Ligand SMILES: Nc1nc2c(ncn2[C@@H]2O[C@H](COP(=O)(O)OP(=O)(O)OP(=O)(O)O)[C@@H](O)[C@H]2O)c(=O)[nH]1
Ligand SMILES: [Mg+2]
């Protein structure tokens, strides 16, 4: 175990997840009613944390052991090459036990109440006997860790519920890294028996499409007054979602929220539905009072029933899995390309030539591809003409 691993990057409130920022020296005995005398008292201090084998991970996850689950996710999220093979072997073995959940993505404008909504919905579901895993996908998580810790605080009641498991976004640097880790985390949570997976998107831009590509049902959370920006910017996101809720429909805001809902319904009428055969509708909710939350869950259940019956549900999951393979191949090849020594050597000069207009982009790309494919025979800078477009 490296020194880095001993200091978690974030500290869950939920001590059950087995994290510690500070480990006390071993107790000699007696604290748990067991005699600390004899061999035990004389034994050397116990190791801080036992290394788990692939079997340990698989058995622990399948048994729903929360501590092993948390460690299995840490393994999946690890950037250390040594962990990669163990993580992949664990996933291979867990795979037959995955898929038995409904995966719901939740996106929306910052501050719309996504986390509060998840807390309200999650508690309801846990109390109804579901096991709920909450994940976050935030490509900028290495920068904005503060807000993620904030999310855990906002979900404080849910995070203490024995049926809930909350995992902040992995920090992956690039979205591709975060996406892979989140997808694999989702599978591990399913194998551990979580039958509802709620994925909150944090940040803007690409994370919406990434989360859409890993969930069955996609919910957009808006607030009244966000309508203006919605017309243009959010239209694309509206076309990705299976339901919209106008949140904060409480107090003085109720009437405005209802008006926004009616306006959204009108817009939705003209948009392509995200899921064939399913009409996306708009609702009002209050994550604070709980109004409308149960209704949204009824929509998710009806969606599941209908899309399972029509075959769309499984079709989407299958195409998501296949698309994921393609995405990972693209990422793999690109990272090999980027780190290839000949490419790295030739790149600065070629970039300069393209920037100055001396070389066309297509030719530059071809030269770089040749550097990658031919290695030492790379035409490199020698192929860069003094002037003129190619
Ligand atoms: N009145 C009212 N306030 C709400 C409601 N839902 C959330 N809030 C408040 O809105 C603020 C933001 O809520 P969050 O749940 O953190 O919103 P979020 O969409 O997760 O925010 P980011 O993750 O930062 O984008 C908090 O102060 C909440 O208490 C609601 O239904 N009614
Ligand atoms: Mg949030």
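The values are calculated or read from the model by the stated rules, or taken from the named source; none is laboratory data. Keep in mind the model is a prediction, meaning the values are calculated, not measured. Cβ sites come from the backbone with ideal geometry, for glycine too, and all protein chains shown count toward neighbours.
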**Message:** Step by step: first the residues of segment 143-170, then only those that are at pLDDT 65 or above and out of contact with any helix residue (DSSP H, G or I) (no Cβ under 7 Å at 6 or more places or on another chain), then the one that is farthest from ligand 2 (Cβ to nearest atom). Which residue is that?
**Reply:** 162
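Of everything in segment 258-288, what is within 16 Å of ligand 1 (Cβ to nearest atom) and farther than 30 Å from residue 123 by Cα? Give them in sequence order. I'd like the intermediate steps shown before the answer.
From segment 258-288, those within 16 Å of ligand 1 (Cβ to nearest atom) are 258, 260-261, 282-288; that's our starting set.
Of everything in segment 258-288, nothing turns out to be within 16 Å of ligand 1 (Cβ to nearest atom) and farther than 30 Å from residue 123 by Cα.
Conditions (1) more than 24 Å from residue 76 (Cα to Cα); (2) crowded, with 23+ Cβ neighbours inside 10 Å; (3) modelled with pLDDT of 90 or more; (4) more than 16 Å from ligand 1 (Cβ to nearest atom), marked per residue:
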residue	(1), (2), (3), (4)
138	no, yes, no, no
189	no, yes, yes, yes
196	no, yes, yes, yes
205	yes, no, no, no
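Do you know which residues across segment 95-120 are touching a strand residue (DSSP E or B) at 6+ places or on another chain (Cβ under 7 Å) and within 16 Å of ligand 2 (Cβ to nearest atom)? Spell out the reasoning first.
Initial filter on segment 95-120 (touching a strand residue (DSSP E or B) at 6+ places or on another chain (Cβ under 7 Å)): 101-109, 112-115, 117-118.
Passing the criteria: 104, 105, 106, 107, 108, 109, 112, 113, 114, 115, 117, 118.
Output the residues belonging to segment 289-307 that are more than 16 Å from ligand 1 (Cβ to nearest atom) and either surrounded by 13 or more Cβ atoms within 10 Å (Cβ to Cβ) or within 15 Å of residue 221 (Cβ to Cβ) (or both). Don't jump to the end; show me each part of the working.
Filtering segment 289-307 for residues more than 16 Å from ligand 1 (Cβ to nearest atom) gives 298-307.
Within segment 289-307, 299, 300, 303, 304, 306, 307 meet the criteria.
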